[in-house]
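Below you'll find the structure, written out as structure tokens, and then a few comments.
The values are calculated or read from the model by the stated rules, or taken from the named source; none is laboratory data. As the structure is a computational prediction, the values presented were derived from the model and not from experiment. When we count neighbours, we look across all protein chains shown, and the Cβ atoms used for this are built from the backbone with ideal geometry, even at glycine. Surface accessibility is based on the protein's heavy atoms, side chains included, excluding ligands, DNA and RNA. Shrake-Rupley method; radii C 1.70, N 1.55, O 1.52, S 1.80 Å.
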Amino acid sequence: MDFHQQGERLLARYRDGDIDRRGFLGALGAACAAAGLASPLAAYAQQPQSLRFDGWGGVGQQALTRHIFTPFTERTGVQIRQGSFSGWEEFLTRVRAGSPGEYNICSLSNLVSYYTFTQGNLGQALDISKIPRFASYDQRGLEAFKRLSGGEACAVPFQLTTIGIAYNRDKVDGASVRQQGVQSLLNDRYRGRIVGENNWLRRIWYAALQSGQDPNAIRDMDAVWDRIRQSRRLVTKYWGSGAEQMSLLSNGTADISDAWGLRVFHLRKQGHPIDIVYPQGIYTDIAGMFVFRGTPLTPVYEMFDIVLREEVQFALAEQEGSTPLFDPAKVDVPQALRTTLPGYDEEGRLRLGVFPDPVYWNGHGDAWQRRYTQVMARG
Amino acid sequence: MLAAPAVGCVVAFILLPVLAMALHSFWLRDPNGIVIQQFTLTSWREFLDDPFYLEVLGRTGRLAAITTLICALVGYPVAYTLILMPDRFRALMILLLFLPSWISFVVRTMSWLHVLGPGGLVNLLLRRMGVIEEPLPLLYNDFSIYVGMVHYTLTYMVLNIYIGLQSVDRNLVDAARTLGAKGWHAFLEVTLPLSLPGLMAGSLLVFILAAGTYITPLILGGTGNVYYSNLIYEAVIPQLDWPLGATLAVVFIVVLTAVIGLYARLAGVGTLFRKVSA
Amino acid sequence: MRHSRLTLWLLGGFTLLVYAYKILPVFVVVALAFNPPEFGSFPIVGFTTRWFGGLLDNPAVVTAVKTSLRLAVATAAIATVLGVAAAYALVRYPFRGRAAVQLLLTMPILVPHLIVGVGLLLAFRILGLSRSFTLMLLGHVALTMPFVILTTQHRLQAIPLYLEEASRTLGANGWQTFREVTLPLAAPAIVTGFVFAFMSSFDEVTATLFWRPANFDTVPIYVLSELQNSVSQELNALAAALVGFSVGVPVLTMLLLHLWTSRRRRPARAPEATPAWQPATEGDAR
């Protein structure tokens, strides 16, 4: 315990520029020797043989291995040890319970998790000028990250996450959904055929829109809980995973649902009659890769050099449906992707909804999450 | 000491971790979800002040009890049939009980969507046969939860009763018949009491497993089907509130320990009964 | 035990129904695994084996299956040895604090796996240990041991003490008595305990998620990460393959065993002491 604290302090001083790299490593080595054990921190003292990457697993991560990790290992000789998680909260729980220095890079799914990670002092500040390829990306994501961590960003934002309202075009009138927007999720006509995501933040978000409020500055929470109760009476099932969402929309249980653009992309690819609309004010988020404190940066920059290549991002887009956050003025998105990929319009411009304000949501998280659980359980 | 390695293993890998977590229930948590090692009763007060937690605990007890009851009623005749079978068939039948376990729990649970859903097997068959016009609402309600829960726990019940029944001395049953006891009478007077320990062990196991499940209600339950283990999960993972999660877990463990205490008393009575009749 | 024909029919019919219910998910998954549409659902529109083709080409799946089998076999073996020893001690030797030991050994099934999962990580951190296969294996042993103990214990209780005493009187020592008398009599329960331990280790996901070292995927963890996307046909095929394997191996073992025993004369021993399924279930675990 003492040793870890000592190591942490050293690390903090090193990062603050209090001691130089050589002094840091020397002191760390001494501390290791004094503690008489081979701690994970000792790994910092050496040139890395390997880096650890944690992502969503499954076919998505296999695609990352093919397009990014394998070429990276060939180029640098640094191996990638892989792990996977089923959600960022679960991953954070593991990081907090684990030893410092165990993790290097992870998939970052949204702004709120970025904020929570950096508030927990888990991030490693990056020098974006060392990643020249990032210049061709939309810089708004990076600005948001910098603001949240109060200085340098600890992650590279290069993908867009979209949510919309998906419906079965054979059963539901698309024109009416387009016109009603989020209100269609409360339309009594679809009772018993509506499903939705079981997530406190997003349910509150939709309820805020439904009660005519700005989701990032809600004044009337009673109206929000009221809408959630109303939704609860109409909805057959609140789903919790991508698999459930896909199966509900494809097996005839549901005709309309709030849905992830990515999932709808896959459903459409498989030929299901599902359309999606993106109403005013709908939730959008930023995804990328996060770098943990104590990770040696030279190989990290080399990896990002591969990650951010146009051909890599286009390949991932085509296979996985992830939307690269390119600056359309600098990168010409292929015509085929413009029409199919969530987040782009026909002209190849990014179609941004509203980003959540992590400070706001984190501040209310505790109280709202608990209230949400109770409202969902009891009505 | 024969039990020492087992005890050591459980102490190191279960008891110590649980104590480490239990300690968290008395610690403070900052708004970012980071635990500060400073004594506080915040989480315990929250648990005691909000009737919601006890309400859900009661709900969970009911779910587990009903699951256990169904399992016992369904499982006993099956175990009894297994005993009557010739050895070769019995081996196959027991093996079949384990067959579904090879499919990962989540996939197995989700397979009920294909059976009970509006376009699922049951509705498809009934509609083809012309019994119904509109699909029956078989999914996302109490019915589908019990279908999943009993499916998961039944094996434990059947095999425990089966092992219990094996211990019954068949000569005793035959003796009872010779002395004039009629079929059902012999069963109720001799076989059932003698197989009680197996039934009790199975019930205890099923009750505990059912009380701890959270994936089954999550996938097969409808709106509002929230149970105690779901609350523990929500506190620890999405809410990142380890102190509250630890508090809920400690209560859960204490309640189940009390159930075991109750069981020990009842099982004690069972053993006594057996000695008398033997 | 004699029963009227009607009772037997009723019992048999009921059991058949219960088995249909028990096997239904297997049927669904296997049927869907041969269905051509990319997103598995009813009705069945054709027949294809192409979903299985992808499995063997996918190194992640192959590794996950191997890892799971290795972990589950090792877990079940250790848990059975430790569990039977503990059960024997609990039943045969009255000692101080027996009730407390009993409760302690039941504890692993009472505790939510999530709590043990996080708690053990905290304990690792305090002790400065990093995650490894051995630590995870021992964790699995602790989690699955109660199944062995609970199933073995009341079987042991039912073995009359005079049998063991007679054996000792005839000059056998403690170990010989255990091996020659107690073990064969308790065998069905022990094998059941082994299978329970094997299956619950094979299916454990929550605690494993927290304990596993890097580059370590078991089948349930692989399935969980695939479920981010959908219940793909590949998952159905994987499940179907595992089911086929688990049926195929024991059936083959039983057949061989049958040939072997019918060539030698059948031993005239009490049937339930060595049930026919014992070697079979051990075989399927290998």
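Some values worked out for this structure:
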{"item": "C:ALA77 open to solvent by 40 Å² or more (accessible area, probe 1.4 Å), at pLDDT 90 or above and out of contact with any Lys or Arg (no Cβ under 6 Å at 6 or more places or on another chain)", "result": "yes"}
{"item": "One residue from A:SER257, A:SER250 being buried (at least 23 other Cβ atoms within 10 Å of the Cβ) and in contact with a His (Cβ under 8 Å, 6 or more places away or on another chain)", "result": "A:SER250"}
{"item": "Scope region C:122-143; condition at the interface with chain B (Cβ under 8 Å from one of its Cβ atoms) and open to solvent by less than 30 Å² (accessible area, probe 1.4 Å); matching residues", "result": "C:LEU122, C:ALA123, C:GLY139, C:VAL141, C:ALA142, C:LEU143"}
{"item": "Region C:5-41, residues that are under 25 Å from B:MET110 (Cα atoms), within 8 Å of chain B (Cβ to nearest Cβ) and in a helix (DSSP H, G or I)", "result": "C:THR15, C:VAL18, C:TYR19, C:TYR21, C:LYS22, C:ILE23, C:LEU24, C:PRO25, C:VAL26, C:VAL28, C:VAL29, C:LEU32"}
{"item": "Any hit, region C:209-225, residues being facing another protein chain (nearest Cβ under 7 Å), of a type in the set (Gly, Ala, Ser), under 26 Å from A:GLY87 (Cβ atoms) and in a helix (DSSP H, G or I)", "result": "yes"}
{"item": "Qualifying residue in region C:245-255 (condition: surrounded by fewer than 20 Cβ atoms within 10 Å (Cβ to Cβ), at pLDDT below 80, in a helix (DSSP H, G or I) and more than 20 Å from the chain's Cα centre (by Cα))", "result": "yes"}
{"item": "Region B:25-44, residues that are within 18 Å of A:GLN369 (Cβ to Cβ) and in a helix (DSSP H, G or I)", "result": "B:THR42, B:SER43"}
{"item": "In region B:234-250, residue modelled with the lowest pLDDT [restricted to those that are at the interface with chain A (Cβ under 10 Å from one of its Cβ atoms) and open to solvent by 30 Å² or more (accessible area, probe 1.4 Å)]", "result": "B:PRO238"}
{"item": "Pairs with Cβ under 9 Å, 6+ apart, first in region B:39-60 and within 18 Å of B:VAL259 (Cβ to Cβ), second of a type in the set (A, V, I, L, M) and loosely packed, with under 15 Cβ neighbours inside 10 Å", "result": "B:LEU54/B:LEU48"}
{"item": "Counted residues, region B:219-233 - those being touching an Asp or Glu at 6+ places or on another chain (Cβ under 9 Å) and open to solvent by 10 Å² or more (accessible area, probe 1.4 Å)", "result": "4"}
{"item": "Some residue of region A:340-362 being in a helix (DSSP H, G or I), surrounded by fewer than 21 Cβ atoms within 10 Å (Cβ to Cβ) and more than 14 Å from chain B (Cβ to nearest Cβ)", "result": "yes"}
{"item": "Total residues in region A:155-172, condition more than 18 Å from A:ASP258 (Cβ to Cβ) and either open to solvent by 10 Å² or more (accessible area, probe 1.4 Å) or among the aromatic types (Phe, Trp, Tyr) (or both)", "result": "3"}
{"item": "Selection status of C:PRO213, modelled with pLDDT under 50 and surrounded by fewer than 22 Cβ atoms within 10 Å (Cβ to Cβ)", "result": "no"}
{"item": "Qualifying residue in region B:133-145 (condition: surrounded by fewer than 19 Cβ atoms within 10 Å (Cβ to Cβ), farther than 23 Å from A:SER241 by Cβ, free of Cβ contacts under 8 Å to residues at least 40 places away in the same chain and hydrophobic (A, V, I, L, M, F, W, C))", "result": "yes"}
{"item": "Filter pass, C:GLN153 being within 14 Å of chain B (Cβ to nearest Cβ), assigned to a helix (DSSP H, G or I) and not small (Gly, Ala, Ser)", "result": "yes"}
{"item": "Every residue from region C:175-208 that is farther than 15 Å from A:PHE85 by Cα and not in a helix (DSSP H, G or I)", "result": "C:GLU204"}
{"item": "Within region B:47-140, helices (runs of 4 or more DSSP H) holding 2 or more residues that are under 23 Å from the mean Cα position of the chain (by Cα), at pLDDT 90 or above and more than 10 Å from chain C (Cβ to nearest Cβ)", "result": "B:51-84"}
{"item": "Residue check for C:SER167: over 25 Å from B:PHE252 (Cβ atoms), open to solvent by less than 10 Å² (accessible area, probe 1.4 Å) and of a type outside the set (A, V, I, L, M, F, W, C)", "result": "no"}
{"item": "Top-ranked residue of region C:226-240 - restricted to ones that are more than 7 Å from every other protein chain (Cβ to nearest Cβ) and in a helix (DSSP H, G or I), ranked as most open to solvent (accessible area, probe 1.4 Å)", "result": "C:GLU234"}
{"item": "Of all residues in region A:86-112 being of a type in the set (D, E, K, R) and touching a Ser or Thr at 6+ places or on another chain (Cβ under 9 Å), the one that is surrounded by the most Cβ atoms within 10 Å (Cβ to Cβ)", "result": "A:GLU102"}
{"item": "Residue within region B:202-217 that is within 24 Å of B:LEU256 (Cα to Cα), of a type in the set (Phe, Trp, Tyr) and either modelled with pLDDT under 90 or crowded, with 17+ Cβ neighbours inside 10 Å (or both) present", "result": "yes"}
{"item": "From the options A:TYR301, A:TYR278, residue that is open to solvent by 10 Å² or more (accessible area, probe 1.4 Å) and at pLDDT 95 or above", "result": "A:TYR301"}
{"item": "Any hit, region B:159-171, residues being in contact with a Cys (Cβ under 7 Å, 6 or more places away or on another chain) and touching a residue at least 40 places away in the same chain (Cβ under 8 Å)", "result": "no"}
{"item": "Condition met for A:LEU185 (open to solvent by less than 30 Å² (accessible area, probe 1.4 Å) and either over 21 Å from A:ASP255 (Cβ atoms) or in the same structural domain as A:ALA329 (by TED's automatic domain parsing) (or both))", "result": "no"}
{"item": "The listed residue being aromatic (Phe, Trp, Tyr), closer than 28 Å to B:VAL158 by Cα and at pLDDT below 85, out of C:PHE178, C:PHE147, C:PHE194, C:PHE198", "result": "C:PHE178"}
{"item": "Filter pass, B:ASP87 being open to solvent by 30 Å² or more (accessible area, probe 1.4 Å) and within 30 Å of C:LEU255 (Cα to Cα)", "result": "yes"}
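Condition check ((1) more than 25 Å from the chain's Cα centre (by Cα); (2) under 18 Å from C:PHE147 (Cβ atoms); (3) not hydroxyl-bearing (Ser, Thr, Tyr)) across all residues:
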{"position": "C:ARG50", "(1), (2), (3)": "yes, no, yes"}
{"position": "C:LEU56", "(1), (2), (3)": "no, no, yes"}
{"position": "C:LEU82", "(1), (2), (3)": "no, yes, yes"}
{"position": "C:LEU90", "(1), (2), (3)": "no, yes, yes"}
{"position": "C:TYR93", "(1), (2), (3)": "yes, no, no"}
{"position": "C:ALA99", "(1), (2), (3)": "yes, no, yes"}
{"position": "C:GLN102", "(1), (2), (3)": "no, yes, yes"}
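Every residue, every condition in (1) touching a His at 6+ places or on another chain (Cβ under 9 Å); (2) farther than 26 Å from B:GLY222 by Cα; (3) without any contact (Cβ under 8 Å) to a residue 24 or more places away in the chain, yes or no:
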position	(1), (2), (3)
A:ALA153	no, yes, no
A:LEU160	no, yes, no
A:GLN183	no, no, no
A:ARG189	no, no, yes
A:GLY212	no, yes, yes
